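What follows draws every value from the coordinates through simple rules; no lab data is involved. A quick note: this is a predicted structure, and the numbers were derived from the prediction, not measured. Cβ placement follows ideal geometry from the backbone for every residue including glycine, while neighbour counts extend to all protein chains displayed.
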Amino acid sequence: MSEITAPSNFIKEAIEEDLKNGRFTSVHTRFPPEPNGYLHIGHAKAICIDFGIAEAFGGKTNLRYDDTNPVKEDTEFVDAIKEDIHWLGYDWEEREFYASDYFEQLYQWAVQLIQQGDAYVDDLSPEEIRQYRGTLTESGKDSPFRTRTITENLDLFEKMRNGEFPDGSRVLRAKIDMSSGNINMRDPVMYRILHANHHRTGDRWCIYPMYDYAHGQSDSLEGVTYSLCDLAYEAHRPLYDWFIERLGIFHPRQLEFSRLNLTYTILSKRFLKMMVENKIVNGWDDPRMPTLCGMRRRGYTTESIRNFIDKVGVAKNESVADISLLEYCVRDHLNKTSPRVMGVLKPLKLVIDNYPDDLVEEMEAVNNPEDESAGSRKVPFSKVLYIDQDDFMENPPKKFFRLTLGNEVRLRYGYYVKCESVVKNENDEVIEVHCTYDPATRGGYSPDGRKVKGTIHWVSAAHAVDAEIRIYDRLFNRPDPDNTDEGKTFLDHVNTTSLTILTHCKVEPELAKTKPGDRFQFERTGYFCTDLDSSPNQLVFNQTVGLRDTWAKISQE
């Protein structure tokens, strides 16, 4: 990926300097997700950086689950994370680890810190610990239990492990500095009591390490040289270093980069979970969600997401990427790779009065003008067709070049047709247009040189396949949905029209053979993907992205 080789990449430059001066002799990174939800596009940036940096230097990347909170974790999320990483094109080979692999060693190291006088058991409640910690402008104060003897602390910590105390009654804290200007260094909690079944260790443990304690030591155990994480952990780096230095173990280097922020999008796992639980979306893989499984279901490609991450780049300063850039990357890749088909989202019957009743012709249609090797296909053409309602107007405005009474248009890959009359229903709505065709214009070209300004797509009524098509809009109606007014939440900015389901669509018969995950460009309409709900008896397509950035146009009006 070009982001890894760009001179402006400060991570690459730091690593090159380390290798040059001998701080490390190799590059070993890790991706440490929590198995408590599905990965989203923000995690994709971290994955690309963690794996991409290692690849650039011929190094290795571990997949290590931060499974230190059994209440929120599940094997469902473990499996989903692995699927997403593989989908992005990366592999951890045999290096799949869990923080829970190290629970015994982490416990022994906690005992070592107690023996060194660097940790103590505290009886303060969580609320009291917060009060004693102080504020950004006021120092904290020592817990009354900070002066416990080493012997007493060792005894209490062992009893914590043995399950002799209830949840929340005691914690193990590092003994650092309650007056530190960095709140993270004010005697942070290392272990809490939690009588809960763990998805891997079962009931063997009832105390669990905090991330800040488990993280650095797990890196050290695995020989990780670089802990690459987002800027939120910059203030935690002194604590990361403190634990490793006090224990006298191998010392990785932590480097921080800015996380991915995206307009019209929420990238908080907690908020995304709320949307799932409140049924604002139809699960974690809802195509409107910024989860990788949702994007995959919508039809986004690995290449487009990696290209987007590449364009966003690796920086130290926080910024917000425009979702239009992501959509551009998706559109750009699909334009090159997606076969073209014809689909009519809002069908209107078109009858060619002078076309033979029983004639069915096969028209030659190009599969992808961007890829000559994609070849062509045959599309059936007959007397009765479906066109899109938007391609006909009885009283058109100026510069409307599609079908209207007395006007001639080109049927894509077919003939020139001229509208002669219409049929209306009792509500004065046009339900049928009648045309005549010029047999000399087969293929869409006139031998006499006359030109038409409009080209419209169609499907043969006798051969068309019924389909449901789901049109997706942005999930929020403002670019910064989490920046809310007083008394409101991000939920107040949910776009209530983010999903439109069209149930009477018609597509060309070739699509009867489609499988979930197949991608297409519906000519003149947009890019679509066959949905997981699709079956031979009920085709379902998701709109991945439109042919053009309609939001950019709206924002300029």
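Details
- Angle between the chain longest axis and helix 75-87 axis [Cα atoms, degrees, rounded to 10]: 60 degrees
- Set against the 2.2 N^0.38 Å expectation for a compact globular protein, region 240-281 has a Cα radius of gyration ratio of 2.00.
- A straight line joining the Cα centroids of region 439-486 and region 157-229 runs 56 Å.
- Reachable lysines from Lys279, criterion Cα separation under 17 angstrom, eight or more residues apart if same chain: Lys269
- Near Asn153: Cβ cut-off under 12 Å, other residues only, Lys/Arg at +1 and Asp/Glu at -1. The net charge is 0.
- Where trypsin sites (Lys or Arg not before Pro) fall in DSSP loop in region 449-557, at most 14 other Cβ within 10 Å: Arg450, Lys451, Lys453, Lys488, Arg548
- Scattering profile of region 343-457 at q = 0.15, 0.19, 0.21 Å⁻¹ [log10 I(q)/I(0), Debye over alpha-carbon scatterers]: -0.68, -1.06, -1.25
- The trypsin sites (Lys or Arg not before Pro) of region 332-438 that DSSP puts in a loop, and whose beta carbon has at most 10 other beta carbons within 10 Å, are Lys398, Lys399.
- Once divided by 2.2 N^0.38 Å, the Cα radius of gyration of region 2-257 becomes 1.05.
- Note on region 292-396: lysine pairs with Cα distance below 22 Å, sequence gap of 8 or more or different chains, count 5.
- With the simple model of a label 7 Å out from the Cα in the direction of the Cβ, Asn395 to Glu486 spans 5.1 nm.
- Working note: 222 nm ellipticity from helices only, DSSP H runs with n ≥ 4, each -39,500 (n - 2.57), summed and divided by the residues of the chain, gives -8000 deg cm²/dmol to the nearest 500.
- Spherically averaged projected area of the convex hull of Cα atoms, region 443-531: 9.6 nm².
- From phi via Karplus (6.51, -1.76, 1.60), per-residue ³J(HN,Hα) for region 356-362 in Hz, x at Gly/Pro: x, 4, 9, 7, 10, 10, 10
- Lys-Lys pairs in region 2-257 that are eight or more residues apart or on separate chains and whose Cα atoms lie under 25 Å of each other come to 12.
- Helix axis angle, 323-337 relative to the chain longest principal axis, alpha carbon, degrees: 60 degrees
- Put simply, the amide H of Phe97, placed in the peptide plane, has neighbours under 5 Å in Leu63, Arg64, Tyr65, leaving out anything fewer than 5 places away on its chain.
- Diffusion coefficient (Stokes-Einstein, Kirkwood radius over C-alpha pairs, 37 °C, 0.692 mPa s) for the chain: 119 µm²/s, rounded to a whole number.
- Mean sequence separation of contacting Cα pairs (under 8 Å, at least six apart), scaled by the length of the chain, corresponds to a relative contact order of 12 percent.
- Dipole-positive endmost among Val452, Asn427, Gly406 within region 343-457 (Cβ charges, Cα centre): Val452
- Extension gain, Ser373 back to Ser169 (0.36 nm per residue minus Cα-Cα distance, nm): 66.6 nm
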